[in-house]
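Quick note: the coordinates plus some simple rules give every number you see, no bench work behind them. Being a predicted model, the structure only gives us computed values, none of them experimental. Here the Cβ is made from the backbone with ideal geometry for all residues, glycine too, and neighbour counts use every protein chain on show.
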Amino acid sequence: MTARTTTQISWRDWLLSDRPQSRRQASLGRTYVTWRQFSANRLAVLGLLIIIALVVVAALADVIAPYPPSIGDLTNAYLKPPGTGGYLLGTDNLGRDILSRLIYGSRWTLYIVVLVAIISAPLGLFIGMTAGYAGGWTDTVLMRITDIFLAFPKLVLALAFAGALGPGIENAIIAIAITSWPPYARLARAETMTVRRSDYIAAVQLMGASPIRIVFRHIMPLCISSVIVRVTLDMAGVILTAAGLGFLGLGAQPPLPEWGAMIATGFKYYLDQWWVAAMPGIAILIVSLGFNLLGDGLRDALDPKESGQ
């Protein structure tokens, strides 16, 4: 047995120890077990690779895009089919390279999903934990407000808010975020109600901890993993909602290379010049699939009932 193999075994034994000697060892051990369970799911790894590729493409858009995204050539590049004239995915009605617009559009896709997650997930988590821990009239009021938002289809509600705020990608992000927080609130409330009467919460209360400290230091860490899984699974819906708003003219405005707006532009030509709308549609499909596969893998790895931790 080589020294390298011995080192690997000792590290694995240290991470998988039943009696960790420190909080750091316990945390690293849980992370290692979670990663092993996640990586055993090939579809989840595929989803992770798709999202990593999206991030890399967005970060290197200036380097890898062959043409400027908003400058076209109406004289020599009008509605070129894929693979002709040096345009791998063809051109649109303004002579702009579709591949370059898809590459730059990945930045706007990440911009939308990240901001929606940053706004909606903490808001829903806070409302759900507050309702679940406080109970009584606080729970009743917050949950009835949540039910009002859940009573309407998300896209319809987002259309209403986007129409009231006006067209623009920032307003579209606000509209999507406003309609995305209720599921996180419901999930956080359920998690909080499960643990609020547990023995260790009672022990913390006896030690004199304030409700705020209990909620944020002892309950919130137990809710975060479930919320992360739900956020990942919801990202596909966020992308589709943003594309729908862009398609209807309430999202990103020309000449921004947002994928939904690109589909709206190509919809006029879908019978003869199919690639103008099909290419951004395929991009949305692939990225949405990646988020769904990643979310499924995280759910199986982080759920103790599923993973057997």
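A few remarks follow.
- Diffusion constant of the range 180-252 at 10 °C, which comes from Stokes-Einstein with the Kirkwood Cα-pair radius and 1.306 mPa s, µm²/s: 110 µm²/s
- Alpha carbon centroid spacing (whole Å) that separates the range 96-173 from the range 215-235: 16 Å
- Contact order normalised by residue count of the chain, Cα under 8 Å, 6+ apart, percent: 23 percent
- The packing ranking of peptides 188-197, 59-68, highest mean first, is 188-197, 59-68, where packing means the average number of other beta carbon atoms within 10 angstrom of each residue.
- Cα-based helix-to-principal-axis angle, 3-15 vs the chain, degrees rounded to 10: 70 degrees
- Dipole of the chain, positive end: most advanced residue of Pro255, Ala58, Leu94 [Cβ charges, Cα centre]: Ala58
- Normalised by 2.2 N^0.38 Å, where N is the number of residues, the alpha-carbon radius of gyration of the range 94-173 equals 1.52.
- Square roots of five times the Cα gyration tensor eigenvalues for the range 246-296, Å: 22, 15, 7
- Nearest-ten-degree value, helix 154-165 long axis tilted from longest Cα axis of the chain: 70 degrees
- Multiplying the residue separation of Leu285 and Trp11 by 0.36 nm and subtracting their alpha-carbon distance yields 94.6 nm.
- Per-residue HN-Hα couplings for the range 225-236 [Karplus 6.51, -1.76, 1.60; θ = phi - 60°; Hz; x = Gly/Pro]: 4, 5, 5, 4, 4, 5, 4, 4, 5, 7, 4, 4
- Taking amide H as placed 1.01 Å from N in the peptide plane, the amide H of Gln253 sits under 5 Å from that of Ile169, each at least 5 places away or on another chain.
- Two-site label geometry, Met193 and Trp35: point separation in nm, points 7 Å out along Cα→Cβ: 3.7 nm
- Relative packing of peptides 128-139, 284-295 - highest average C-beta neighbours within 10 Å first: 284-295, 128-139
- log10 of Debye I(q)/I(0), alpha-carbon scatterers only, for the range 179-309 at 0.12 Å⁻¹: -0.65
- Taking packing as the residue-averaged number of other Cβ atoms within 10 angstrom, the listed peptides 174-182, 204-212 run from highest to lowest as 174-182, 204-212.
- The angle separating the long axis of helix 98-134 from the principal Cα axis of greatest extent in the chain is about 30 degrees.
- The local environment of Pro68, defined by Cβ-Cβ distances under 12 Å, has a net charge of -1 under the rule Lys, Arg +1 and Asp, Glu -1.
- Residue-wise HN-Hα coupling along the range 206-219, computed from phi with Karplus coefficients 6.51, -1.76, 1.60 (Hz; x: Gly, Pro): 5, 6, x, 5, 6, x, 4, 5, 4, 5, 8, 9, 10, 9
- Alpha-carbon Rg/Rh ratio, for the chain, with Rh computed the Kirkwood way: 1.07
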